[in-house]
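The values are calculated or read from the model by the stated rules, or taken from the named source; none is laboratory data. Since this is a predicted model, take the numbers as computed values, not measurements. Glycine also receives a Cβ, built like all others from the backbone with ideal geometry; neighbour counts cover every protein chain displayed. Note: accessible area is taken over every heavy atom of the protein model, side chains too, but ligands, DNA and RNA are not part of it. Shrake-Rupley method; radii C 1.70, N 1.55, O 1.52, S 1.80 Å.
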Amino acid sequence: MSDELETDEPETDEPEPAEPARGFRHFRRTSPRYAAIWIAGTAWLLFYVAISPFGKQPAIIHLYAAALALALLVAGLLLPNLALGFYRWFRAYRRTRPFYAAVWIALGGLILFYLTKSPPKYLPHIGVGGIYGMGAGVALWLIAALVLVMPSQRYVGGVIAVVLGVVSFPLCNLGGFFVGMFFAVLGGSMAFGWMPKKPEKKRRWFRRIQPGAGI
């Protein structure tokens with residue numbers, strides 16, 4: 001009788017469902033608030049990078065920049081799906097091209113341009129270093145746009161960026177005090193070595209190969 005009453009449930013080998021990933025990385029990928037903050041902060045930073053070569057700006061320009069960043073932040077919080085969708089689209093977009101290489105090249109060009117920036121009437125008096133710094137800065141910006149818009153031209157753009165960075169050492173204030181040259185060479189090297197897809201890892205060095213298996 002006792003054996004009939006005992007009804008043990010059949011044991012199953014199904015694994016327990018794993019807990020969802022948590023932490024900042026999960027928050028960064030799924031939170032609309034992070035997407036809104038990222039959009040506002042990036043727009044504010046790009047605005048100041050764009051106006052930095054033009055020297056000191058009046059206070060009204062800084063108010064416009066703050067108002068733009070605040071408006072983007074509020075819009076992203078009010079429209080979370082739109083902000084998160086744009087952030088995910090940008091992440092997918094930058095993974096299909098040498099994005100960070102273009103960022104370093106543009107930063108190197110900004111440093112070379114900014115350190116030798118002078119009014120046009122003083123250009124005949126600043127010498128080769130000043131003229132080369134401004135020309136190299138503009139050329140590096142164009143190269144950054146080239147490798148970003150046309151990833152297939154990354155080899156040409158990367159080589160030219162490295163050459164401009166190295167030549168800036170004797171011609172432009174020691175390469176923008178080494179900083180501009182470093183960023184230009186770093187970005188050019190990253191553009192040259194960038195690949196559209198990560199190659200599959202082939203771990204064959206210390207692996208035992210079965211007899212008759214192809215190598």
Looking for something closer than 22 Å to residue 46 by Cβ, assigned to a loop (DSSP other than H, G, I, E, B) and either at pLDDT below 70 or touching a Gly at 6+ places or on another chain (Cβ under 6 Å) (or both) - is there at least one such residue anywhere in segment 196-209? no
Can you list residue pairs whose Cβ atoms sit under 7 Å apart, with the first residue in segment 74-87 being under 19 Å from residue 44 (Cβ atoms) and touching a residue at least 40 places away in the same chain (Cβ under 8 Å) and the second being open to solvent by 50 Å² or more (accessible area, probe 1.4 Å) and not hydrophobic (A, V, I, L, M, F, W, C)? Count only pairs 6 or more apart in sequence or on different chains. 77/33
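Any residue at all in segment 111-124 that's of a type in the set (Gly, Ala, Ser) and modelled with pLDDT of 90 or more?
Restricting attention to segment 111-124, the residues satisfying the condition of being of a type in the set (Gly, Ala, Ser) are 118.
The next check asks that each one be modelled with pLDDT of 90 or more; those that pass are none.
No, there is no match, as no residue in segment 111-124 is of a type in the set (Gly, Ala, Ser) and modelled with pLDDT of 90 or more.
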Can you pull out every residue in segment 66-110 that is open to solvent by less than 70 Å² (accessible area, probe 1.4 Å), in a helix (DSSP H, G or I) and closer than 22 Å to residue 137 by Cβ? 99, 101, 102, 103, 105, 106, 107, 108, 109, 110
Within segment 141-179, residues being open to solvent by 20 Å² or more (accessible area, probe 1.4 Å), of a type outside the set (S, T, N, Q) and part of a helix (DSSP H, G or I) number 23
Per the filter on segment 48-61, residues in contact with a helix residue (DSSP H, G or I) (Cβ under 9 Å, 6 or more places away or on another chain) and either assigned to a helix (DSSP H, G or I) or at pLDDT 80 or above (or both) are 48, 49, 51, 52, 53, 61
